[in-house]
Amino acid sequence: MDSVLYPQGRTNHYTKYVAGVLKFFKRADHSEISSIDGVAGVAYEAGKAYTIRRRITLAEVNAGITLLAAIPGYQYRMVDATFLAYGGNAAGLTSVDITGTQSTAKVLLAAAVGGLNRSVLLKPDTTTHAAVLADGASFAVCDANTAITVKKVGSDLTTATGVDLTFTYEIVRA
């Protein structure tokens with residue numbers, strides 16, 4: 001047996017199934033490193049950030065979309081987000097909001113129409129047009145089994161063709 005591919009003896013990790021989920025643990029402190037949850041369809045890695053880029057059309061902004069569907073037994077935590085209007089400057093609405101649930105529905109990031117200009121990045125801490133919750137609450141873990149959504153506030157979006165959203169998040173086991 002090739003010892004490079006198949007290490008012999010005691011390793012620094014071990015695996016076991018828990019409620020149908022294959023989990024990987026550190027031997028030193030028995031903390032979970034990662035897991036494969038076939039039922040929920042999640043390959044979870046503790047502390048790993050994921051990024052989704054979504055081109056949201058004018059019609060989708062006006063109707064609202066689910067950016068990340070709820071995953072049973074998991075929570076989302078926003079790490080960062082950026083908006084960029086395409087096809088023209090945004091007009092008509094008050095803001096485009098990323099929402100999550102932290103006991104109640106919360107606006108994690110409100111992108112005000114004044115900052116949604118064509119080909120201009122709008123992100124937290126770089127402009128007065130990107131409002132986050134006080135005391136860093138926008139970056140706190142959201143409730144388990146809840147989705148992250150994008151919706152408009154005010155009238156319908158006009159002028160712009162839509163907005164590009166880049167959303168970086170962490171999946172946390174509930």
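Nothing in this text is a laboratory measurement; each read-out follows from the coordinates by a stated rule. In this text the structure is predicted, and so the values were computed from the model without any measurement. Glycine also receives a Cβ, built like all others from the backbone with ideal geometry; neighbour counts cover every protein chain displayed.
Can you order the peptides 19-28, 98-107, 164-173 by their average number of other Cβ atoms within 10 Å per residue, highest first?
Details: 19-28: 13.0, 98-107: 15.8, 164-173: 17.8.
The packing order, highest mean first, is 164-173, 98-107, 19-28.
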(message) Can you compute the charge dipole magnitude of the chain about its Cα centre, using +1 on each Lys and Arg Cβ and -1 on each Asp and Glu Cβ, nothing else charged? Give it in debye, rounded to the nearest 20.
(response) 220 debye
(message) List the residues, sorted by chain then number, that are 5 or more residues from residue 120 or on another chain and whose placed amide H is less than 5 Å from its amide H.
(response) 85
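Normalised by the residues of the chain, what does the relative contact order come to in percent, with Cα pairs under 8 Å and at least six apart?
Working: 412 pairs, mean separation 54.7, N = 174.
Across the chain, relative contact order equals 31 percent.
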(request) May I have the count of lysine pairs in the chain with C-alpha atoms under 25 Å apart, counting pairs 8 or more residues apart or located on different chains? (result) 11
(request) Sort 14, 74 so that the residue with the fewest other Cβ atoms within 10 Å of its own Cβ comes first and the one with the most comes last. (result) 14, 74
